[in-house]
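Colleague: First the structure, which I've put down as structure tokens, then a few questions once you've had a look.
The values are calculated or read from the model by the stated rules, or taken from the named source; none is laboratory data. These numbers were taken from a predicted model, which means no experiment stands behind them. Positions of Cβ are generated from backbone atoms using ideal geometry, with glycine treated the same way; all protein chains shown enter the neighbour counts.
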Amino acid sequence: MDITAQQNLVHQTRDARRAIDFPKLSPAERDALIKKYHPDHRGHAYRPIKFGPNAGDSTVKEVATLLEGDSSIPADFNLTPEYSVDVLVVGGGGAGCAAALHAHAAGSNVLLATKLRLGDSNSVMAQGGMQIAVGPDDSPVQHFLDTLKGGHMKNDHDLLKVMVEEGPSIGQWLLELGVLFDRQSDGNLHVKKGGGSSKARLLTCSDYTGLEIMRVLKDEVLNQKVPLLEFGAVVELLSDGKGTCTGAVLQDLDNKRHVVVAAKSVILATGGIGRLHIQGFPTSNHYGATGDALVLAYRMGVPLVQIDTFQYHPSGGVYPEQLVGALVTEGIRSEGGHLVNAKGDRFVNELDTRDVVSSSIIKECEEGRGVRTAAGRSGVWLDTPLLDVAHGPGTLDKHFPAMVRQYERYQVDIRKDPVLIYPTLHYQNGGVKIDVTGETPAPNLFVAGEASGGLHGRNRLMGNSLLDLMVFGKRAGQTAAERAKSLPQGALTLDHVAKFREEAKRHHVSSGLNSPMVLPAYTRQV
Amino acid sequence: MGSDSNTPQQFTEQASEIQAQMVTVEIEGKPFQVPAGVTLMKAMWYAGKEVLRGAGCLGGFCGACATYYRTKDDPKVKTCLACSMAVEDGMSFSFMPAFPARKAIYDLTELKDPKQDLFELYPEAPLCRNCNACTEACPQKIDVREGVWKAVFGDFKAVSDMFMDCVMCGMCAPVCIADIAPNLVAVYASRAQGVHFTEKPKGLATRIKKIADGDYQEDWDRILQLSDEELQNTTASIT
Ligand SMILES: Cc1cc2nc3c(=O)[nH]c(=O)nc-3n(C[C@H](O)[C@H](O)[C@H](O)COP(=O)(O)OP(=O)(O)OC[C@H]3O[C@@H](n4cnc5c(N)ncnc54)[C@H](O)[C@@H]3O)c2cc1C
Ligand code: SF4
Ligand code: SF4
Ligand code: FES
């Protein structure tokens, strides 16, 4: 059936749908739904990791294969350093920029290396906002409880407490750098309600929150003259032979040369995994989201936590074809946008947590109530025009200019017509194990941002990532800088790689695959 | 969905399986057959090109994929973001190379009079000759020329509103006959607006003080000694 004909049903049923309040599910119902439909529970997509710190733990095949992969650096590699720094920050997203700025401010000699250009990252795309408990009816404790609930009680309490308590001062820091968060008429920060939160707690910069934060942080990194190595991908870490991290090997992607960096501390802020296309899902992530920190830290003997759980964002684009996998902001649902199946019915409370909403969309599609596109994909409607109907004409233009533009480029007017969505691979819930300073069990190796794990439990709450980046980027940067003052530079060896290779041999793993992946292989072999 | 596309490689090629119809486009002056309707970025991959410089967020937010293009028989060269634009038959396009625009270095907190300081940091800004080339070059449809004038006249609030959509692709800079990099001027003005001309939110200061004063300690003490089960019940009841 033609898309327009199907859209009409959404228009026809709008008034009737508005009259109904769709209840949230009970905890037991949520669990049952997730177990049956969430991709995290598709057993055949998983397998145990064969060796290393997480030997025997189950994760998706795509990740397991990379973790067991071989280093691209040969054993006899010349480790004469080209740079010698206090702190090497890897990754130019939010966590990396925050870490670099704080380490620099604390007097450290920093090098910021990033795979693409500074700022080309997931961070720049965050639209929905950043959770900070600033409202008068809200509190850090409330933020803690909401996050725990969202994370199925599996969040690391210490990490989480630190994040929610430092949130407000992070908000202050960003304001002092010139980030223009939306305001109320009385000058206070405007807060929006996000899925899974009991209080309105999302700070926003219209629907360009990540872009605005990153424009400012990038500008400040340049103002502070933090030395940069763009198109510099870390492909291996270095250790002193006793498990302490002492530097890294980068590859300059412009000329393929390897660059050895001696560093008293290394902060990995390399972000997520979307470009691994786990279980074949399209993704909302940036080009370099290939889970590099997981691989690098794992080879250093650092365990990963909750690495079997991923976030499939409920609203990835399905139509037009160019927007497949692209994120459609959650803000539409926060502002009351309905999800509607092919029969014109709502089927879930749109403000439930992401795993619940995604599972219910998958359920609708698997049970034949999805809308099919000519390209053979299926999805459900997100009723965008409802926002203008409910809150007055111009609402979408005013609050969702990025999304209006996103669709306008392909001649779709979201003010007039609903859009089709289906879950898209969005976020790695778990990651590298860290403590409250961002340090991993390998001394002087820090991980900050999406690459780290534990904080979000089994499902990250909307808006908590941007805060996570800033809080743990700062903590890692400051701790590393402080330590550098008294720490001598350790020896540079590849002993951990040699050990890892022996382990691989003992377990008969010889896929021949080099990891980290660095960039996805999209180029067609012609 | 997804079972037929288990590797990234297959994922990008999916478009070609679905839409058998092919179109001819010119990439950097050379013709290639690519599937109709794919983005310019996917067309590059389909044509067998490795993309390093030119790809970033792949979602229309980072400006890495700034591209010049022309449609069939139209002499007008336009701009777009290659990750967010579909190919058409007869289209011709190339990525924009990195442009060496000068960024001024400043410490915002130390500036005494940011509206005046603009003329020292970016002395070229007031030399705008109103040619409007920057506005025409902007893939985000920002009225860039107007923004430059707003900055010059000290209306930093307007600049910050107008440039909230700016993805820093830099396409407004190479076209400027006065050597202005409008996006950099705008970042300066927007940040100055935030640092110097925007009210400090009182509620935030109060919250920070309360946390520092230990006002939430009692709540923490109560919450943190709960068992997981008790916590579960606490959280379940606060929807
Ligand atoms: C479309 C989208 C919308 C989102 N919206 C929100 C939101 O509204 N609110 C929210 O809180 N969260 C949101 N998130 C999640 C959040 O944006 C990310 O989790 C977060 O930005 C990750 O930040 P990061 O600094 O850890 O990683 P990134 O921002 O992804 O940065 C990682 C950086 O590391 C670089 N890198 C990777 N590997 C290497 C390597 N080997 N060597 C050198 N450099 C490397 C990358 O190129 C990149 O620059 C969103 C995510 C996406 C994708
Ligand atoms: S203002 Fe300039 S840098 Fe910003 S989006 Fe427009 S052309 Fe690109
Ligand atoms: S291109 Fe330069 S001179 Fe022309 S209007 Fe824009 S800023 Fe002014
Ligand atoms: S790749 Fe970021 S805007 Fe196109």
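Colleague: Looking only at the range A:184-204, count every residue that is on the phi < 0 side of the Ramachandran plot and without any contact (Cβ under 8 Å) to a residue 40 or more places away in the chain and tell me the total.
Modeller: 4
Colleague: Take the residues in the range B:186-235 that are at the interface with another protein chain (Cβ under 9 Å from one of its Cβ atoms) and hydroxyl-bearing (Ser, Thr, Tyr), then tell me which one is nearest to B:GLN116 (Cα to Cα).
Modeller: Only one residue tops the list, namely B:TYR188.
Colleague: Condition first: part of a loop (DSSP other than H, G, I, E, B) and within 14 Å of ligand 2 (Cβ to nearest atom). Now tell me which residues in the range B:100-137 satisfy that.
Modeller: Residues satisfying the conditions are B:ALA101, B:LYS103, B:CYS128, B:ASN132.
Colleague: Sticking with this structure for a sec: Within the range A:1-86, which helices (runs of 4 or more DSSP H) (wholly inside it) include 3 or more residues that are among the basic types (Lys, Arg)?
Modeller: Because the criterion is at least 3 residues that are among the basic types (Lys, Arg), the helices (runs of 4 or more DSSP H) in the range A:1-86 that meet it are A:3-18, A:27-37.
Colleague: Can you find a residue that is in a helix (DSSP H, G or I), at the interface with chain A (Cβ under 9 Å from one of its Cβ atoms) and either surrounded by 15 or more Cβ atoms within 10 Å (Cβ to Cβ) or more than 16 Å from ligand 3 (Cβ to nearest atom) (or both) anywhere in the range B:138-154?
Modeller: no
Colleague: Which one of these is modelled with pLDDT of 95 or more, farther than 29 Å from A:ALA326 by Cβ and not β-branched (Val, Ile, Thr): A:GLY135, A:GLY93?
Modeller: A:GLY135
Colleague: Taking the options A:SER284, A:SER265, name whichever one is in the same structural domain as A:GLU482 (by TED's automatic domain parsing), away from ligand 1 (no atom under 12 Å from the Cβ) and among the hydroxyl-bearing types (Ser, Thr, Tyr).
Modeller: The match here is A:SER265.
Colleague: Let me ask something else. So which pairs qualify, if the first residue must be in the range B:36-55 and at the interface with another protein chain (Cβ under 7 Å from one of its Cβ atoms), the second must be charged (D, E, K, R) and part of a helix (DSSP H, G or I), the Cβ gap must be under 6 Å, and the two must be at least 6 apart or on different chains?
Modeller: Cβ pairs passing all conditions: B:GLY37/A:GLU321.
Colleague: Would you call A:LEU237 surrounded by fewer than 24 Cβ atoms within 10 Å (Cβ to Cβ), part of a strand (DSSP E or B) and touching a Leu at 6+ places or on another chain (Cβ under 8 Å)?
Modeller: It is false that A:LEU237 is surrounded by fewer than 24 Cβ atoms within 10 Å (Cβ to Cβ), part of a strand (DSSP E or B) and touching a Leu at 6+ places or on another chain (Cβ under 8 Å).
Colleague: Just checking, how many residues over the range B:159-199 are within 11 Å of ligand 2 (Cβ to nearest atom) and either on the phi > 0 side of the Ramachandran plot or of a type in the set (Ser, Thr, Tyr) (or both)?
Modeller: Number satisfying all stated conditions: 2.
Colleague: Cβ-Cβ under 6 Å, sequence separation 6+ or interchain: first residue in the range B:113-142 and hydrophobic (A, V, I, L, M, F, W, C), partner within 11 Å of ligand 3 (Cβ to nearest atom) and assigned to a helix (DSSP H, G or I). Which pairs?
Modeller: The qualifying pairs are B:ALA125/B:VAL152; B:ALA125/B:VAL185; B:CYS128/B:VAL148; B:CYS134/B:VAL144; B:CYS134/B:ARG145; B:CYS134/B:PRO182; B:CYS138/B:VAL144.
Colleague: For the range B:19-38, how many residues meet the condition of being within 15 Å of ligand 4 (Cβ to nearest atom) and at pLDDT 95 or above?
Modeller: Final tally of qualifying residues: 0.
Colleague: If you don't mind, there's one more thing I want to ask. Kindly list, by first and then second residue, each pair from a residue in the range A:219-240 that is outside the structural domain of A:VAL266 (by TED's automatic domain parsing) to a residue that is of a type in the set (D, E, K, R), limited to pairs with Cβ atoms under 9 Å and residues at least 6 apart or on different chains.
Modeller: Pairs that qualify, where the first residue is outside the structural domain of A:VAL266 (by TED's automatic domain parsing) and the partner is of a type in the set (D, E, K, R): there are none.
Colleague: Return the residue satisfying two criteria in turn: it lies in the range B:57-76 and is more than 13 Å from ligand 2 (Cβ to nearest atom) and within 21 Å of the chain's Cα centre (by Cα), and of such residues it is farthest from the other protein chains (Cβ to nearest Cβ).
Modeller: Among those that are more than 13 Å from ligand 2 (Cβ to nearest atom) and within 21 Å of the chain's Cα centre (by Cα), it is B:TYR69.
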